[in-house]
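Colleague: Below you'll find the structure I mean.
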Amino acid sequence: MNFKIEKAPADVRICETFGNAEITVNNRYLTKNGKPWLPVMAECHYSRIPREKWEETLRKMKDGGAEIAASYVFWIHHEEEKGIFDFAGNRDIRHFIELCHKVGLEFCLRIGPWAHGECRNGGFPDWLCEECASTLRSDKEPYFGYVRRYLRAVADQVRGLPLFGIQIENEMTWRHEYMELVRQAVLETGLTAPLLTATGWGNARLPDTLLPMFGGYPEAPWTGHTHELEPNANYFFSYVREDGNIGADLLGISEDSRRNVSPEYPFPFMTCELGGGNQVTYHRRPRISSRDIEALAVCKLGSGANLLGYYMYAGGLNPVGKTTMQESKESGYPNDCPVISYDFQSPIGDMGQLRESWFRLSKIHTFVRSFGEMLAPMEPVMPSEMPASLNDTETLRCAFRTDGKGGFLFVNNHIRLHELPGQPNHRFAFEFADESVAFDLDIPADSTFFLPVNLTLAGLSFRYASAQPVSYTENELTLMRIPGIDPVMVLRDGRTVSLKEGGSRIGDTDVVLLPYEEYVPDELTRISAEPVPKCCDASILLGHLPVQDHTSEYAVRWTAEDRWMVIRARGNLAGFYACADGRLISDFYLYGDAWVIDLRNLAAKEGIIKIQPLCEDDRNKIYMEIPFETGVYPPEVWVSRTENLKI
């Protein structure tokens, strides 16, 4: 691969509309206290997480490398009944933001008024949809009067708390005048933030007063059909900031939305919905691997993203009020989603469990935290030879971020659901203004990584290192071994130094090579699941779906020392009920992943697993990436006594 670095990065132009004394924005990146800043933002929804688990969840986000927490405000969660606002318990947004600040996280308020987020009516209360059916998301009355009232109610709760950003509306592409009115209405409440943002995909026409934020997901489970998708554009490096599929369930797909963004674009490339996983819909159930999520983040970072904002980073549980609160065809939306679970296959699952993706992303975030000041001003450069199409699995996908003299090489040899072979002795050549650097590298099969090229770090100047950068100080450089690649460093004087785990001294610099740590899930203890006569009401579990009740039930019991339950079930969908009151604790559209129940706050030590089997009639109605098995199967159940479950 040849990279020709023709010029230094373009001039920085300050976006005067945005920023404050601490955080400012220019046309290429953010700054914090005068220094380039490449932050990590992680989405979790306070009203979908039990209040007693807020701080635990936020600390897991912080430990995973997040610097900003983001959350939608779902109007229906706060004003389900007209004129009666509820900001208590799990809806206490002020306390949630205070906890964010307590653990060291900034907060981004995605205030709406429309949110989507797989919430009923996109977050609009039923009464609002009924009364304002023809004027929703417009400047018409009485709708906009209700919007002003809602915004004031939220502002009254969070007034005086510092905010990193405020997102106006969501996926609004066709009414920029309305977007500006909502922005003004938010500011009139007294709320303010350095960044006022909006989602930019769908070729959105936004007012210049809002910063566009982008996204991209591993899959598109909102797609109407039930066959495999073509290779995902998000696994390729590109100057394109959106993939054209995001939001397609409501916005449609347009080739115009897959637009290139030139270096002269006036705003930096920032994401608010980089897929930390994917939702599972009833008709489409992709199983997203940790490598899928890791590769997606590396591709966006290598393509120039200067804010990694994940949706979702921590899953949650939908509340149940006078109605169920999930998106469903019953409420007029194109997809059916689980009633309770909003797991999203995210790094932190709906019950607080940690997935392998949490560990893989944390390695990227450690790099970003240490090298972000250097990386943020670097521009992406694509190689002379790019993949010819989405179906080109032979041309290596890579990109280079550079300051004109050196930089970081990003490589992705992974595409979801496609096995990519290794590429031995792959040639990389970099032509800088005053010098050239070239080397051969064995690219392992199914690998994703990044390398430093032609840099001086910790006082050490080198041509390249075939190990992944982790962090550096004044005289210590820490790298991590990449599986399948021999770790060496080629110095500017031509010497090749083999890097050894435990550290090497090169001149005045300590070079530390960390081993690549494989992810090891927690060991689990098997318990029995006994068939029992049906006793749990299936109406909430199945009522939104076009199925007849063919469920079977199984009783499970655990001890006071057991903290988590892990269930592997085969079938269509399942529900977990508390025996004490028959309440539905969680439901799960079965797609092959482990289903987790947090036992810590369940007083009774017994429950019921209710499973709806797959039948032949379901075969062409549901997309699955595991064998389609009809018939009745008892679940396999385990428990764990660990404090933080790794699955």
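Colleague: Which condition from (1) outside any loop (DSSP other than H, G, I, E, B); (2) open to solvent by less than 10 Å² (accessible area, probe 1.4 Å) is the one that Pro218 breaks?
Modeller: (1)
Colleague: Additional query: Go over the candidates His78, His95 one by one and state the one that is more than 30 Å from Leu38 (Cβ to Cβ), at pLDDT 95 or above and over 21 Å from the mean Cα position of the chain (by Cα). Walk me through it before giving the result.
Modeller: Values: His95 fails: more than 30 Å from Leu38 (Cβ to Cβ).
Of His78, His95, the one residue that is more than 30 Å from Leu38 (Cβ to Cβ), at pLDDT 95 or above and over 21 Å from the mean Cα position of the chain (by Cα) is His78.
Colleague: Return the pair list, or none, for Cβ contacts closer than 6 Å from residues in the stretch 70-86 that are closer than 26 Å to Leu274 by Cβ to residues that are open to solvent by less than 10 Å² (accessible area, probe 1.4 Å) and β-branched (Val, Ile, Thr), at least 6 apart or on different chains.
Modeller: Val73/Ile111; Val73/Val154
Colleague: Of all residues being of a type in the set (Gly, Ala, Ser) and either within 17 Å of Phe359 (Cα to Cα) or open to solvent by less than 60 Å² (accessible area, probe 1.4 Å) (or both) in the stretch 499-528, which is farthest from the chain's Cα centre (by Cα)? Just the residue, please. Show your work before the answer.
Modeller: Looking only at the stretch 499-528, we keep the residues that are of a type in the set (Gly, Ala, Ser), and these are 502-504, 507, 528.
So of that shortlist, the ones also either within 17 Å of Phe359 (Cα to Cα) or open to solvent by less than 60 Å² (accessible area, probe 1.4 Å) (or both) come out as 503-504.
Numbers: Gly503: 34, Ser504: 37 Å.
Only one residue fits best here, namely Ser504.
Colleague: For Val596, which of the numbered conditions (1) closer than 21 Å to Arg641 by Cβ; (2) surrounded by fewer than 17 Cβ atoms within 10 Å (Cβ to Cβ) fails to hold?
Modeller: (2)
Colleague: Does Pro212 fit the bill of being within 18 Å of the chain's Cα centre (by Cα), closer than 21 Å to Pro268 by Cβ and surrounded by fewer than 24 Cβ atoms within 10 Å (Cβ to Cβ)?
Modeller: On the way: within 18 Å of the chain's Cα centre (by Cα): yes; closer than 21 Å to Pro268 by Cβ: yes; surrounded by fewer than 24 Cβ atoms within 10 Å (Cβ to Cβ): yes.
Here the answer is yes, as Pro212 does meet what is asked.
Colleague: If I filter the stretch 312-328 for residues that are assigned to a helix (DSSP H, G or I), touching a helix residue (DSSP H, G or I) at 6+ places or on another chain (Cβ under 7 Å) and within 30 Å of Arg120 (Cβ to Cβ), do I get at least one hit? Can you show your working first?
Modeller: So the first thing to find is which residues in the stretch 312-328 are assigned to a helix (DSSP H, G or I), and the list is none.
The answer is no, given that none of the residues of the stretch 312-328 is assigned to a helix (DSSP H, G or I), touching a helix residue (DSSP H, G or I) at 6+ places or on another chain (Cβ under 7 Å) and within 30 Å of Arg120 (Cβ to Cβ).
Colleague: A further question follows. Between a first residue in the stretch 516-529 that is of a type in the set (Asp, Glu) and a second residue that is open to solvent by less than 90 Å² (accessible area, probe 1.4 Å), which pairs have beta carbons less than 7 Å apart while being 6 or more apart in sequence or on different chains?
Modeller: That search, which allows pairs on different chains as well, returns Asp522/Ser640; Asp522/Thr642; Asp522/Leu645; Asp522/Lys646.
Colleague: Which condition does Asp493 not pass, out of (1) outside any strand (DSSP E or B); (2) surrounded by 14 or more Cβ atoms within 10 Å (Cβ to Cβ), if it passes all the others?
Modeller: Among (1) outside any strand (DSSP E or B); (2) surrounded by 14 or more Cβ atoms within 10 Å (Cβ to Cβ), the lone unmet condition for Asp493 is (2).
Colleague: Go through the stretch 459-486 and give me each residue that's in a loop (DSSP other than H, G, I, E, B), surrounded by fewer than 18 Cβ atoms within 10 Å (Cβ to Cβ) and without any contact (Cβ under 8 Å) to a residue 60 or more places away in the chain. Show your work before the answer.
Modeller: As a first pass, look at the stretch 459-486 and keep what is in a loop (DSSP other than H, G, I, E, B): 459, 466-467, 473-475, 481-486.
If we keep only those that are surrounded by fewer than 18 Cβ atoms within 10 Å (Cβ to Cβ) too, we end up with 459, 473-475, 483-484, 486.
Hits for the stretch 459-486 are Gly459, Thr473, Glu474, Asn475, Pro483, Asp486.
Colleague: Those residues that are out of contact with any Lys or Arg (no Cβ under 8 Å at 6 or more places or on another chain) and open to solvent by 10 Å² or more (accessible area, probe 1.4 Å), I need them from the stretch 288-302; list them, please.
Modeller: Scanning the stretch 288-302 gives a single hit, Lys300.
Colleague: Which residues, counting only those in the stretch 615-647, are of a type in the set (A, V, I, L, M, F, W, C) and within 17 Å of Pro286 (Cβ to Cβ)?
Modeller: Just the residues of the stretch 615-647 that are of a type in the set (A, V, I, L, M, F, W, C), to begin with: 615, 622, 624, 626, 628, 632, 637-639, 645, 647.
Those that are of a type in the set (A, V, I, L, M, F, W, C) and within 17 Å of Pro286 (Cβ to Cβ): Ile622, Met624, Ile626, Phe628.
Colleague: Is it fair to say Ala538 is in contact with a Pro (Cβ under 9 Å, 6 or more places away or on another chain), closer than 30 Å to Leu645 by Cα, open to solvent by less than 70 Å² (accessible area, probe 1.4 Å) and at pLDDT 95 or above?
Modeller: Values: in contact with a Pro (Cβ under 9 Å, 6 or more places away or on another chain): no; closer than 30 Å to Leu645 by Cα: yes; open to solvent by less than 70 Å² (accessible area, probe 1.4 Å): yes; at pLDDT 95 or above: yes.
The answer is no for Ala538.
Colleague: Listed residues Met382, Met386, Met351; which is more than 30 Å from Glu476 (Cβ to Cβ) and buried (at least 21 other Cβ atoms within 10 Å of the Cβ)? Lay out the reasoning, then the answer.
Modeller: Numbers: Met382 fails: buried (at least 21 other Cβ atoms within 10 Å of the Cβ); Met386 fails: buried (at least 21 other Cβ atoms within 10 Å of the Cβ).
After applying the criteria, what remains is Met351.
Colleague: Looking at Leu136, Leu151, which is the one that is of a type in the set (A, V, I, L, M), assigned to a loop (DSSP other than H, G, I, E, B) and either open to solvent by 10 Å² or more (accessible area, probe 1.4 Å) or under 30 Å from Val40 (Cβ atoms) (or both)? Lay out the reasoning, then the answer.
Modeller: Numbers: Leu151 fails: assigned to a loop (DSSP other than H, G, I, E, B).
Just a single option satisfies the conditions, and that option is Leu136.
Colleague: Which numbered condition trips up Val40, out of (1) over 29 Å from Tyr265 (Cβ atoms); (2) under 16 Å from the mean Cα position of the chain (by Cα); (3) of a type outside the set (Lys, Arg)?
Modeller: (1)
Every residue, every condition in (1) touching a residue at least 24 places away in the same chain (Cβ under 8 Å); (2) hydrophobic (A, V, I, L, M, F, W, C); (3) closer than 29 Å to Glu52 by Cα, yes or no:
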{"position": "Trp564", "(1), (2), (3)": "yes, yes, yes"}
{"position": "Ile567", "(1), (2), (3)": "yes, yes, yes"}
{"position": "Asn572", "(1), (2), (3)": "yes, no, no"}
{"position": "Gly575", "(1), (2), (3)": "yes, no, yes"}
{"position": "Arg600", "(1), (2), (3)": "yes, no, yes"}
{"position": "Ile608", "(1), (2), (3)": "yes, yes, yes"}
{"position": "Glu616", "(1), (2), (3)": "no, no, no"}
{"position": "Ile626", "(1), (2), (3)": "yes, yes, no"}
{"position": "Glu629", "(1), (2), (3)": "yes, no, no"}
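Colleague: Can you tell me which condition Val437 does not meet? The list is (1) touching a residue at least 40 places away in the same chain (Cβ under 8 Å); (2) closer than 16 Å to Asp403 by Cβ, and all the others hold.
Modeller: Condition not satisfied by Val437: (1).
Colleague: Which one is surrounded by the most Cβ atoms within 10 Å (Cβ to Cβ) among residues in the stretch 599-647 that are among the aromatic types (Phe, Trp, Tyr) and out of contact with any Gly (no Cβ under 7 Å at 6 or more places or on another chain)?
Modeller: In the first step, residues of the stretch 599-647 are kept if they are among the aromatic types (Phe, Trp, Tyr); the result is 623, 628, 633, 638.
Of the ones still in play, those that are also out of contact with any Gly (no Cβ under 7 Å at 6 or more places or on another chain) are 623, 628, 638.
Values: Tyr623: 20, Phe628: 12, Trp638: 18.
The qualifying residue surrounded by the most Cβ atoms within 10 Å (Cβ to Cβ) is Tyr623.
Colleague: Oh, and also: Just a yes or no: is a residue in the stretch 296-306 among the hydrophobic types (A, V, I, L, M, F, W, C), within 30 Å of Leu455 (Cα to Cα) and not in a helix (DSSP H, G or I)? Write out each step before concluding.
Modeller: Keep residues of the stretch 296-306 that are among the hydrophobic types (A, V, I, L, M, F, W, C), which gives 296-299, 301, 305.
With within 30 Å of Leu455 (Cα to Cα) added as a condition, the list becomes 296-299, 301, 305.
Now drop any that are not not in a helix (DSSP H, G or I), which leaves 305.
Scanning the stretch 296-306 turns up at least one residue that is among the hydrophobic types (A, V, I, L, M, F, W, C), within 30 Å of Leu455 (Cα to Cα) and not in a helix (DSSP H, G or I).
The values are calculated or read from the model by the stated rules, or taken from the named source; none is laboratory data. Everything numeric here is computed off the predicted structure, so don't read it as measured data. Counting neighbours? That spans all protein chains shown, and the Cβs are built from the backbone with ideal geometry, glycine included. When the accessible area is computed, the model is the full protein with side chains, heavy atoms only, and any ligands, DNA or RNA have been set aside. Shrake-Rupley method; radii C 1.70, N 1.55, O 1.52, S 1.80 Å.
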